[in-house]
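Everything on this sheet refers to the single structure shown next.
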Amino acid sequence: MKKRFHKAIKNEQAVFPVILQEESGGGYFVTNPAFEGCYSQGDTMEEALANIREATELCLEEAREEAVLG
């Protein structure tokens, strides 16, 4: 059974809950449910969390651009 962990990541503006799932072949898959399509992975939990922070920043940047241009 794959293990699932609920964590939170922070940036300067907000705290985002994320969901980490241990993969059967090793490593972790992580998603930020606040943004559709915002997910990443990593060999370790720490790497996966660092990667989802970066993915979240990109999702935030895209959302800001859409708000300005939309």
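Things worth noting here:
- At R0 = 25 Å, FRET efficiency that the Cβ-Cβ distance of V15 and L69 yields, to 0.05: 0.40
- Atom-type composition of the exposed protein surface of the chain places 51 percent of the accessible area on carbon and sulfur (1.4 angstrom probe).
- Per residue, the accessible area of the chain comes to 72 Å² when a 1.4 Å probe rolls over the protein heavy atoms.
- Within the chain, the longest run free of GluC sites (Glu not before Pro) that sit in a DSSP loop with at most 16 other Cβ atoms within 10 Å is 37-70.
- Once the trypsin sites (Lys or Arg not before Pro) in DSSP loops with at most 13 neighbouring Cβ atoms within 10 Å are cut out of the chain, the longest remaining piece is 4-70.
- Taking other residues whose beta carbon is less than 14 angstrom from the beta carbon of R4, and scoring Lys, Arg as +1 and Asp, Glu as -1, yields +1.
- Around the Cα centre of the chain, unit charges on the Cβ atoms of Lys, Arg, Asp and Glu (plus for the first two, minus for the last two) sum to a dipole of about 420 debye.
- Each distinct pair of alpha carbons in region 6-70 adds a 1/r term; the inverse of their mean, the Kirkwood radius, is 12.1 Å.
- Environment charge at E46 (Cβ cut-off 14 Å; Lys +1, Arg +1, Asp -1, Glu -1): -2
- Dipole of the chain [Lys/Arg +1, Asp/Glu -1 at C-beta], most positive-end residue of H6, Y39, A55: H6
The values are calculated or read from the model by the stated rules, or taken from the named source; none is laboratory data. Keep in mind it's a predicted model, so treat the numbers as computed, not measured. Cβ coordinates were reconstructed from backbone atoms using ideal geometry, including for glycine residues, and neighbour counts include every protein chain displayed. All accessible areas refer to the heavy atoms of the entire protein, side chains included, with ligands and DNA or RNA removed. Shrake-Rupley method; radii C 1.70, N 1.55, O 1.52, S 1.80 Å.
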